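Visitor: After the structure tokens below, expect a handful of questions from me.
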Amino acid sequence: MDDTIYESYRRAGKIAANARDYGAKLVKKGASYLDVVTKIESKIIGSGGGLAFPVNISINEIAAHFSPRHDDKTLVFKKGDIVKLDVGAHVDGYIADTALTVEVETNNHTEMIRASRKSLENAVGLMKANVGLSDVGETIEETIVSYGYKSIDNLTGHSLSRYNLHSGLSVPNISERLNRDKLKLGDVLAVEPFATNGAGHVISGGSSNIYRCTGSVKSRLIRDPKTRFLAMKINKNFNALPFAERWCINVLPNTDVSISLRKLLLAGCIKQYPQLIDANKGIVTQAEHTVIIHEDGCEVTT
């Protein structure tokens, strides 16, 4: 990794971490989801970063993949909510991905929040060149189980590359003895344990309002000029990175963007991420850092 790329990853990490911590202070009873994500995303841009993905706000049994629509003004945080705040920034395409969990005005799930944080800490402490990813997953699972909770078996961390949020390697959250992958010098990865008092397995839920381009050329065949224009702008502005419904509003002002997005979904030009929900609707907590692998350890950028 050359110095320019390395510094871009480090700068992206600092921007994402500052935005994450800023956002955590905004999560309060009565605050609107939309207001919080808008302020966090504005802070990232104001700090000189790009948006690697829409800020995710996942509540209670939702483990991941929810961001409010542009008109979701009635969604507000409630006392007792367990809020996973997942934030991503990039500098010249080099990504930092980080998350934390906030409990709104109660302390009923402090130990579960601690379990995900501690498992992240233990995983990061283990990671260096030539360490097996199965060992990382085993450490995460053992830590979470030691607190009396389950580690979610079908959610993983992931390697990062330029403008690519999931670039090949998966960082398991459970022991995977058949996984022979090892960490290499210069790998950049997001490590994200999830603890739950539920099933320990997520299933797909409703709409997330988060999308990604598929790279399909079928958009050229769409007759509706507004939809075709939106497809062109999405490809140009977001490339392979996830984007939010609300980010499309300024592209087609005074237009029902949801209609055009549905047409692009049907044509296979974009895909929508589903909400990921614990199968038994248990409470879920999350912690996440981005790391760069060195010979003798790893560097946390977030």
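Visitor: Criterion first (at pLDDT 95 or above and buried (at least 22 other Cβ atoms within 10 Å of the Cβ)) does residue 129 satisfy it? Walk me through it before giving the result.
Guide: Details: at pLDDT 95 or above: yes; buried (at least 22 other Cβ atoms within 10 Å of the Cβ): no.
Taking the combined requirement at face value, the residue does not satisfy it.
Visitor: Looking only at the range 60-72, filter to residues that are touching a strand residue (DSSP E or B) at 6+ places or on another chain (Cβ under 6 Å) and closer than 25 Å to residue 241 by Cα; which one of those is surrounded by the most Cβ atoms within 10 Å (Cβ to Cβ)? Full working, then the answer.
Guide: Let us first name the residues in the range 60-72 that are touching a strand residue (DSSP E or B) at 6+ places or on another chain (Cβ under 6 Å), namely 60-67, 69.
Still in the running and closer than 25 Å to residue 241 by Cα: 62-67, 69.
Numbers: 62: 23, 63: 28, 64: 23, 65: 25, 66: 26, 67: 26, 69: 17.
Of everything passing the filter in the range 60-72, 63 is surrounded by the most Cβ atoms within 10 Å (Cβ to Cβ).
Visitor: For the range 64-76, state whether one or more residues are closer than 25 Å to residue 94 by Cα, in contact with a helix residue (DSSP H, G or I) (Cβ under 8 Å, 6 or more places away or on another chain) and of a type in the set (Ser, Thr, Tyr).
Guide: Yes; the residues of the range 64-76 include at least one that is closer than 25 Å to residue 94 by Cα, in contact with a helix residue (DSSP H, G or I) (Cβ under 8 Å, 6 or more places away or on another chain) and of a type in the set (Ser, Thr, Tyr).
Let's see how each residue does on (1) in the same structural domain as residue 136 (by TED's automatic domain parsing); (2) at pLDDT 95 or above; (3) charged (D, E, K, R):
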site: 193; (1), (2), (3): yes, yes, no
site: 218; (1), (2), (3): no, no, yes
site: 229; (1), (2), (3): no, no, no
site: 235; (1), (2), (3): no, no, no
site: 238; (1), (2), (3): no, no, no
site: 262; (1), (2), (3): no, no, yes
site: 269; (1), (2), (3): no, no, no
site: 294; (1), (2), (3): yes, yes, no
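Visitor: Another one. Kindly indicate whether residue 278 is more than 30 Å from residue 173 (Cα to Cα) and out of contact with any Leu (no Cβ under 9 Å at 6 or more places or on another chain).
Guide: Numbers: more than 30 Å from residue 173 (Cα to Cα): no; out of contact with any Leu (no Cβ under 9 Å at 6 or more places or on another chain): yes.
Judged against the criteria, residue 278 is not a match.
Matching residues to (1) part of a loop (DSSP other than H, G, I, E, B); (2) free of Cβ contacts under 8 Å to residues at least 24 places away in the same chain; (3) under 15 Å from the mean Cα position of the chain (by Cα):
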position	(1), (2), (3)
63	no, no, yes
66	yes, no, yes
71	yes, yes, no
79	yes, no, no
86	no, no, yes
95	no, no, yes
102	no, no, no
108	yes, no, no
111	no, no, no
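Visitor: Is it fair to say residue 288 is in contact with a Pro (Cβ under 9 Å, 6 or more places away or on another chain) and either touching a residue at least 24 places away in the same chain (Cβ under 8 Å) or within 21 Å of residue 165 (Cβ to Cβ) (or both)?
Guide: On the way: in contact with a Pro (Cβ under 9 Å, 6 or more places away or on another chain): yes; either touching a residue at least 24 places away in the same chain (Cβ under 8 Å) or within 21 Å of residue 165 (Cβ to Cβ) (or both): yes.
Considered against the rule, which asks whether it is in contact with a Pro (Cβ under 9 Å, 6 or more places away or on another chain) and either touching a residue at least 24 places away in the same chain (Cβ under 8 Å) or within 21 Å of residue 165 (Cβ to Cβ) (or both), residue 288 comes out as yes.
Visitor: Taking the range 130-147 on its own, how many of its residues are touching a residue at least 40 places away in the same chain (Cβ under 8 Å) and either touching an Asp or Glu at 6+ places or on another chain (Cβ under 8 Å) or of a type in the set (A, V, I, L, M) (or both)?
Guide: Total meeting the criteria: 9.
The values are calculated or read from the model by the stated rules, or taken from the named source; none is laboratory data. Remember, it's a predicted structure, so these values are computed and weren't measured experimentally. Using ideal geometry, Cβ is built from the backbone for each residue, glycine included, and neighbour counts are taken over all protein chains shown.
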